[in-house]
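Heads up: the structure comes next, in structure tokens.
Each value in this text was obtained by applying a stated rule to the coordinates, not by laboratory testing. What you see is a predicted model; the values in this text were computed from it and never measured. Don't worry about glycine lacking a Cβ; one is built from the backbone with ideal geometry, like all the others, and counts go over all protein chains shown.
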Amino acid sequence: MSIKSCVMKRCSAAALLAASLAFLASGGDAHTSADHPGQACVLAPGELTVDDLPAGSSATRCGAVGRVVTHAGSGVTVPEPGTKVSVDALTVDGRAHGFTLAVDGDGTVSYTYEEEAHASKAVGSRSDAPAPCADTAYSRAGRKEYGTYRWFIGDGPQPGDLPRHEVRLIVQEAIATIIRGRNNCGLDDRIRAKARFLAATGHEAGIDHRARCVARDGLSVWDAGDLSADSVATTCSWSRPVAHGPDRLLEADVRFNIHDYTFTDDPSGDCDDAYDLRSVATHEAGHVFGLGHAGAGHENLTMFANSFACSTTARTLGKGDVLGLRSLY
């Protein structure tokens, strides 16, 4: 029996106490929902799932801002109202893992699940997929860089044990591939996106060892470290809505997983399951500038969710990658 019904029926003090204890033990009907927007909200301590904080809930009324919400192995920290946060992982199996959590200006929560968009088709073979210059598929993430993407490189360990200045140049070239639409398909550059490297920094990417997006710090940082074992690299992006257009990018951080995977700038010869750093960096830069994963059946595009060990093909863009960027810029 609920507290409300117990009060209405004038229960005994003992019955009312029992109802109160049951209410607290159950989390107090904690979920604020779209059906009951004014309902009080109490969340259990620790990590939350998307079921704990369902779409239509109020992040502010529930005190969820700053809490971690997880879904299917991915996780993000609930941002302040009027902000979205997205996590995109480059995986070893090519399956899209990631989701977006948006908090409207009034605190209302909503989600977009990437895997649902690609669930209709199983990941296939690259030999069965269209050639890069014949594949026109692309996916947009609903955000873009309206100004200049200003980025930093972390001053900690670097992928491939390369010197930091070399990694910076590789990332710079990867970003240039995206903003200039570099391809081997004969497509000219019509993309108007800009980027600028700033400096090395002691700040870390806002990504933890489980490939979850933590609170943003205002700096877009590329670094290397530990991630969940299925993530070769992860991008976390924060954005704000723009009327009649994609969201405005606020910050985009990238981390390479050097705990579980090996990176190289020269995967030719006797490559032993190493990932080409330039290919992975180009894929992640695509996320930074607003591209989503191309999905199963498009394994030869740069924005497919796996760059494939010992392969350099994702260093340049396929036709669909270019068309996606043109549609944004």
* To do: Post the alpha-carbon centroid distance, segment 171-237 to segment 243-311, in whole angstrom.
  => 9 Å
* A55 versus D161: modelled label distance in nm, points set 7 Å from Cα along the beta carbon direction -> 4.8 nm
* **Selected from L43, I207, A224, residue furthest toward positive end of dipole (the chain; charges at beta carbon)** => L43
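Which of the helices in the chain, when you take each full DSSP H run, stretch at least 15 Å along the axis at their Cα atoms and have an average Kyte-Doolittle score of 1.0 or higher? Before the final figure, lay out the partial values.
Numbers: long enough: 13-25 (18 Å, 2.29); 164-180 (23 Å, 0.35); 277-288 (16 Å, -0.04).
Membrane-span-like by this criterion, though nothing is claimed about a membrane: 13-25.
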* May I ask you to derive the relative contact order of the chain, considering only C-alpha pairs under 8 Å and at least 6 residues apart, and to give it as an integer percent? => 20 percent
* Asked: Taking Rh as the Kirkwood radius, which is the inverse of the mean 1/r over Cα pairs, what is the Rg/Rh value for the chain?
  -> 1.06
* Structure fact -> Mean Cβ-within-10 Å packing, highest first, puts peptides 75-82, 318-325, 129-136 in the order 318-325, 75-82, 129-136
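How many Lys pairs in the chain lie less than 23 angstrom apart by Cα atoms, where the lysines are 8 or more positions apart or on different chains? Mind dumping the intermediate values first?
On the way: K84/K144; K84/K194; K121/K319; K144/K194; K144/K319; K194/K319.
Within the chain, the lysine pair count is 6.
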* **Packing-based ranking, highest mean first, of 141-149, 93-101 given that Cβ atoms within 10 Å are counted** => 93-101, 141-149
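To the nearest 20 debye, what is the magnitude of the charge dipole of the chain about its Cα centre, counting +1 on the Cβ of each Lys and Arg and -1 on the Cβ of each Asp and Glu? Display every interim value, and only then the final one.
On the way: 31 positive and 41 negative charges, 284 e Å.
It comes to approximately 1360 debye.
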